[in-house]
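No value in this document is a laboratory result; all are computed from the given coordinates. All figures in this text were calculated on a predicted structure; none of them were measured in a lab. Note: ideal-geometry Cβ built from the backbone for every residue, glycine included; neighbour counts use all protein chains shown.
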Amino acid sequence: MLIRTGKKQQYINAASAAAFKRFTDELHARIFNALAMGARSVVFLCIGTDRSTGDSLGPLIGYKISGLSNSCVHVYGTLENPVHARNINEVVKRMEADCHKPFIVAIDACLGSMEHVGYIGVGEGPIKPGSGVNKELAPVGDMFVTGIVNFGGFMDFLILQNTRLHVVMRMADLIASGIRFVVWKLEKSGMLLPESTCAEAMENDL
């Protein structure tokens, strides 16, 4: 599912030596602030489809982080069960019912300018899924992580189909490993409760 956003964001070159630190610093700061302001769970909403190389970034990341063992962390969108234009509204409703005071990190691929191909965008606020493929869907997310997989502007659907898997996988590996590190860091600092106490805290909030 292609997304575009005009919101202010930080661009991180996934091929640079500083990419992991820059990405994890940005992600940690935003999730830490949300938890400090009262969020009780974190949702990684990984949008896309495995039927298109360029649009497989979200499901690949979801697959790589689906084993996170914390009941306060939820992952939607994997290779087996992707979240895409046809089911995202249903998934969002289920997410709202299942997740307690969530902070939602929306993750998706997008097309951008030639000089930003291979860059990761991180920013605050929602994204609008599907706008690049003529789908009218509601904005989603409290923050977003986007991977610029190719350049756009003409026949975007074909551009996504002909995107190099190497570009997508490099960003998926970095983002997924960065998410795992940030979750570990938040658990270690006590901002994210460990598995054994998270469910109890949720019950106390009800």
- Say each of Met169 and Ala138 gets a label point 7 Å from the Cα, pointing the same way as Cα to Cβ; how far apart are those two points in nm? 3.8
- Note on the structure: Per the rule of 0.36 nm per residue minus the C-alpha distance, extending Met114 to Ala15 adds in nm 34.1 nm
- Note on the structure: Quick shape check on region 9-58: root eigenvalues a ≥ b ≥ c of the Cα gyration tensor, a/c under 1.5 is rounded, otherwise prolate if a/b tops b/c, else oblate, and it reads oblate
- Among rounded, prolate and oblate, which fits region 1-85 when a ≥ b ≥ c are the square roots of the eigenvalues of its C-alpha gyration tensor, a/c under 1.5 means rounded, and a/b larger than b/c means prolate? oblate
- For region 3-205, would you read off the P(r) tail past 31 Å as a percentage of all alpha carbon pairs? 13
